[in-house]
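Peer 1: Have a look at the structure that comes next, please.
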Amino acid sequence: MSHETVYAIASGKGGVGKTTTTVNLGTVLAQAGERVAIVDTDLGMANLAGFVSLTPDATTLHDVLAGDASIDDATYRLADNIVAVPSGTDLDEYAKTSPEGLRTVVEELRSTYDFVFLDVGAGVSHETVLPLGLADSVVVVSTPEPAAVQDSQKTVELTARAGGEIAGLVVTRTHPNSDISYDEIAGQLEIPLLGTIPEDPTSRESVCAGTPLVVYDPQSSASGAYRRLASDLSGIDIQTPSDDDSGADDDEESASEPEPQATADEREAGHDDVSSAITEAESNN
Ligand code: ADP
Ligand code: MG
């Protein structure tokens, strides 16, 4: 394999931009025609739920890890080329889950998709550490705040303990006029700096809209930064969409305007769409 395909998006401190990074990196690569799965391995929280609009009894990763459902049943289509495996919010169900099953889930997804992104919970619990070792590479996410940087050190240490590899650091919510050196922050952690994502007010708006930022506002500074990061990580050339031309004519398979959310009715169809999209993509290779 020429490039890493399973990334864990991790942080020591919560609320630093892991889910935002997972969703936007995944969407950028899907727009470029790669088949992408994003997985909510932060089992106690519902990070991806806002993008999937689940009904209360919908099948989630909890059911898969409890041995009650297959991974296909918990896979929801977000847009062309991209699916999400959300985690449930039910704490009783959570108690029944066996994080060990995540290994099988990751291997299954790895064999089906070009890229898999694991949205990892903050902290030091078993469910947090496990994905760090299952991924090919760990992207550490931190804001420039000293407390977040300090907690990133724990993620670096936990990754080593889990037998994982660090890809590097993404500093989120940076300010252009700040005199902080992000290279120095990465240097302190002794890991490479992969990129910086500027503070961007549309980021929060896009979450409320249940739409990835790179779709909600492709021209925003943070969207540009996520495209660069996706390109640097994957080695894939990512086009910048222009204002007057949505890019729809350069690749009809790409999701230039993915639908923001799957409705309950679309979801059933979604499973078929994904399988047929994948079959189609495979037969094109
Ligand atoms: P985590 O998954 O690490 O808990 P989130 O991705 O959910 O973090 O982000 C936490 C909050 O920060 C969200 O409200 C999100 O919209 C906001 N946020 C993330 N990235 C940015 C950014 N570049 N600029 C402004 N707000 C951001
Ligand atoms: Mg999150």
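Peer 1: Please go through region 112-137 and pick out each residue that is in contact (Cβ under 8 Å) with a residue 12 or more places away in the chain and open to solvent by 20 Å² or more (accessible area, probe 1.4 Å).
Peer 2: Listed by number, the residues that qualify are THR112, TYR113, ASP114, ALA122, GLY123, VAL124, HIS126, GLU127, VAL129, LEU130, GLY133, ASP136.
Peer 1: Scan region 146-167 for residues that are free of Cβ contacts under 8 Å to residues at least 40 places away in the same chain and over 26 Å from THR5 (Cα atoms) and report the count.
Peer 2: Number satisfying all stated conditions: 1.
Peer 1: Taking region 54-89, which residues are part of a loop (DSSP other than H, G, I, E, B) and charged (D, E, K, R)?
Peer 2: Within region 54-89, ASP57, ASP68, ASP80 meet the criteria.
Peer 1: Ok, one more. Among (1) more than 10 Å from ligand 1 (Cβ to nearest atom); (2) in a loop (DSSP other than H, G, I, E, B); (3) under 20 Å from TYR76 (Cβ atoms), which single condition is VAL28 missing?
Peer 2: Condition not satisfied by VAL28: (2).
Peer 1: Restricting attention to region 6-59, which residues are away from ligand 2 (no atom under 16 Å from the Cβ), open to solvent by less than 20 Å² (accessible area, probe 1.4 Å) and touching an Asp or Glu at 6+ places or on another chain (Cβ under 6 Å)?
Peer 2: Scanning region 6-59 gives a single hit, VAL6.
Peer 1: Within the set of pairs 6+ apart or on separate chains, which have a first residue in region 168-190 that is farther than 21 Å from SER234 by Cα and within 15 Å of ligand 1 (Cβ to nearest atom), a second that is among the charged types (D, E, K, R) and open to solvent by 40 Å² or more (accessible area, probe 1.4 Å), and C-beta atoms under 6 Å apart?
Peer 2: ARG173/GLU199; HIS175/GLU199
Peer 1: If you take the residues in region 138-155 that are buried (at least 20 other Cβ atoms within 10 Å of the Cβ) and aliphatic (A, V, I, L, M), which one is farthest from SER181 (Cα to Cα)?
Peer 2: The qualifying residue farthest from SER181 (Cα to Cα) is VAL138.
Peer 1: Can you tell me which of (1) among the small types (Gly, Ala, Ser); (2) under 12 Å from the mean Cα position of the chain (by Cα); (3) within 12 Å of ligand 1 (Cβ to nearest atom) is the one ALA8 doesn't meet?
Peer 2: Just one mismatch for ALA8, condition (3).
Peer 1: Anything in region 216-230 that is under 25 Å from ASP136 (Cβ atoms) and in contact (Cβ under 8 Å) with a residue 40 or more places away in the chain? List them, or say none.
Peer 2: Listed by number, the residues that qualify are TYR226, ARG227, LEU229, ALA230.
The values are calculated or read from the model by the stated rules, or taken from the named source; none is laboratory data. Values in this document were obtained by computation on a predicted structure and should not be read as measured data. Reconstructed Cβ throughout: ideal geometry from the backbone, glycine too, with neighbour counts over all protein chains shown. For the accessible areas, the whole protein counts, side chains as well, though only heavy atoms, and no ligand, DNA or RNA atoms are used. Shrake-Rupley method; radii C 1.70, N 1.55, O 1.52, S 1.80 Å.
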